[in-house]
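Please treat every number below as a calculation from the coordinates, not as lab data. Bear in mind that the values here come from a model prediction, so they are computed numbers and not experimental data. Virtual Cβ from ideal backbone geometry, glycine too; neighbours counted across all protein chains shown.
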């Protein structure tokens with residue numbers, strides 16, 4: 001054994017680890033803007049997988065030891081740690097009431113709210129927009145033309 005068994009194993013996998021990470025990314029389109037942050041996180045994770053598999057292929061091609069692969073993995077891990085808020089935005093509990101979330105909410109929804117809290121938030125937003133529209137309709141038009149002023 002020449003000390004690069006792990007690199008050979010990862011390099012032989014080819015692009016499949018990248019495909020496995022990117023295929024679920026296609027499902028994010030279904031959720032639109034409500035999954036934007038988590039879709040970006042999925043892409044950043046795919047970049048990390050790509051860097052690691054490329055490093056493994058480089059180690060195999062140059063006949064280096066796995067120490068170089070471990071160095072690349074350490075660099076990727078440090079970068080992921082520094083940007084952990086963007087790369088791992090997932091929460092297992094609701095941001096409002098701390099109840100456990102279902103898989104769809106954990107993986108796809110940016111707001112990290114349970115069904116009940118999301119419903120309450122939507123109702124509150126609808127009431128707020130309705131009150132704003134009501135206030136605007138009570139104020140009446142602010143721009144009165146010269147002809148309307150003459151009629152009064």
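Can you give the three extents of the C-alpha atoms in the range 92-139 along their principal axes, from longest to shortest, in whole Å?
46, 18, 11
Could you calculate the FRET efficiency of residue 65 with residue 22 from 1/(1 + (r/R0)^6), where r is the beta carbon distance between them and R0 is 30 Å, rounded to 0.05?
Computed FRET efficiency for residue 65 and residue 22 comes out at 0.50.
How far is it, in nm, from the label point at residue 117 to the one at residue 58 when both lie 7 Å from their Cα along the line to the Cβ?
So the two model labels end up 4.1 nm from each other.
Using the alpha-carbon atoms, what tilt in degrees (0 to 90, nearest 10) does helix 66-82 show relative to the longest principal axis of the chain?
Taking the Cα atoms of the chain, the angle to 66-82 is about 20 degrees.
I need to check one value: relative contact order of the range 1-89, counting alpha carbon pairs closer than 8 Å and at least 6 residues apart, in percent.
Normalised by residue count, the contact order of the range 1-89 is 42 percent.
How large is Rg over Rh for the range 1-89, taking Rg from the Cα atoms and Rh as the Kirkwood inverse mean of 1/r across Cα pairs?
Dividing the radius of gyration by the Kirkwood radius yields 1.07.
Over all directions, average the projected area of the Cα convex hull of the chain and note it in nm².
Computing the convex hull of the Cα atoms and averaging its projections yields 15.5 nm².
Spin-label point model (7 Å from Cα, Cβ direction): what's the residue 96 to residue 84 distance in nm?
Going by the 7 Å Cα→Cβ label model, 2.8 nm.
What shape does the range 52-101 take by its C-alpha gyration tensor, where a ≥ b ≥ c are the square roots of the eigenvalues and a/c under 1.5 counts as rounded, a/b above b/c as prolate, and the rest as oblate?
Since a/c reaches 1.5 and a/b is larger than b/c, the shape of the range 52-101 is classed as prolate.
What percent do you get for the relative contact order of the chain when only Cα pairs under 8 Å and 6+ apart count?
24
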